[in-house]
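**Q** I'd like to ask you about the structure that follows.
The values are calculated or read from the model by the stated rules, or taken from the named source; none is laboratory data. Worth saying up front: this structure is predicted, and the values here are computed from it rather than measured. Neighbour counts run over all protein chains shown; Cβ positions are idealised from the backbone, glycine included.
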Amino acid sequence: MEDWLTVAKIVKPQGIRGEVKVITLTDYPEDIQAFGKVYIDGNCHKVLRVRPMAGDSAIVALSGIADRNAAELLRGKELKVARADAPELPENTYYIVDVIGCKAVTEEGESLGTVTDITPAHTDIYEVNDDGGKKFAFVAADGVILDIDIAAKVVTLCGKRLSEVAVDR
């Protein structure tokens, strides 16, 4: 398992007081406040304030970022947290980084490939690369994912339901 979790990506500076606009990779933008501290390029910053915006974006104030010039230097960088500082997840909830790299199989055991990406959304979008180099994507709609076993690195999918929602890439 990864020791660091990426929780947001900085899009741009916001205003003149060092705040930054971020796209969050958490379920809710305000979850970033719960971490208390984040790391950017290995440097620790205390989370001072988080103001959720529409969708998955937020305005974040961090310690040590005092003005727009300092915030500008962070454009495109990721906010990371130590896994040890991350809150306990509810049952049947997983960090994306833990699911990426899992084998995708049907309930009959047919190998479909490897999960290579997950786009967070109201209903997450999974991308799978098969062994032949082809890609397909699917929405994690009801009944598609039957089980996720992080320890075994396997995502079990309902073949019938998958055929209804999968698209080739």
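**Q** When only residues in region 91-108 that are over 16 Å from Asp147 (Cβ atoms) and not hydrophobic (A, V, I, L, M, F, W, C) count, which is surrounded by the fewest Cβ atoms within 10 Å (Cβ to Cβ)?
**A** The qualifying residue surrounded by the fewest Cβ atoms within 10 Å (Cβ to Cβ) is Gly101.
**Q** With the requirement that a residue be in contact (Cβ under 8 Å) with a residue 40 or more places away in the chain and not aliphatic (A, V, I, L, M), what does region 13-25 give you?
**A** The answer is Pro13, Gln14, Gly15, Arg17, Gly18, Glu19.
**Q** Continuing with this model, one more query. Is it the case, given these coordinates, that Ile23 is under 19 Å from Ile125 (Cα atoms), surrounded by 14 or more Cβ atoms within 10 Å (Cβ to Cβ) and not assigned by TED's automatic domain parsing to the domain that holds Asp131?
**A** Considered against the rule, which asks whether it is under 19 Å from Ile125 (Cα atoms), surrounded by 14 or more Cβ atoms within 10 Å (Cβ to Cβ) and not assigned by TED's automatic domain parsing to the domain that holds Asp131, Ile23 comes out as yes.
**Q** Do you know which residues across region 109-134 are over 26 Å from Asp56 (Cα atoms) and either loosely packed, with under 15 Cβ neighbours inside 10 Å or aliphatic (A, V, I, L, M) (or both)?
**A** Residues of region 109-134 that are over 26 Å from Asp56 (Cα atoms), as a first pass: 109-114, 129-134.
Of everything in region 109-134, those that are over 26 Å from Asp56 (Cα atoms) and either loosely packed, with under 15 Cβ neighbours inside 10 Å or aliphatic (A, V, I, L, M) (or both) turn out to be Gly109, Glu110, Ser111, Leu112, Asp130, Asp131, Gly132, Gly133, Lys134.
**Q** Could we say that Thr119 is assigned by TED's automatic domain parsing to the domain that holds Ile145, in contact with a strand residue (DSSP E or B) (Cβ under 8 Å, 6 or more places away or on another chain) and of a type in the set (Ser, Thr, Tyr) here?
**A** Numbers: assigned by TED's automatic domain parsing to the domain that holds Ile145: yes; in contact with a strand residue (DSSP E or B) (Cβ under 8 Å, 6 or more places away or on another chain): yes; of a type in the set (Ser, Thr, Tyr): yes.
Against the criterion (assigned by TED's automatic domain parsing to the domain that holds Ile145, in contact with a strand residue (DSSP E or B) (Cβ under 8 Å, 6 or more places away or on another chain) and of a type in the set (Ser, Thr, Tyr)), Thr119 qualifies.
**Q** Moving on. Considering region 1-20 alone, what residues qualify as being modelled with pLDDT under 95 and loosely packed, with under 13 Cβ neighbours inside 10 Å?
**A** Those that are modelled with pLDDT under 95 and loosely packed, with under 13 Cβ neighbours inside 10 Å: Met1, Glu2, Asp3.
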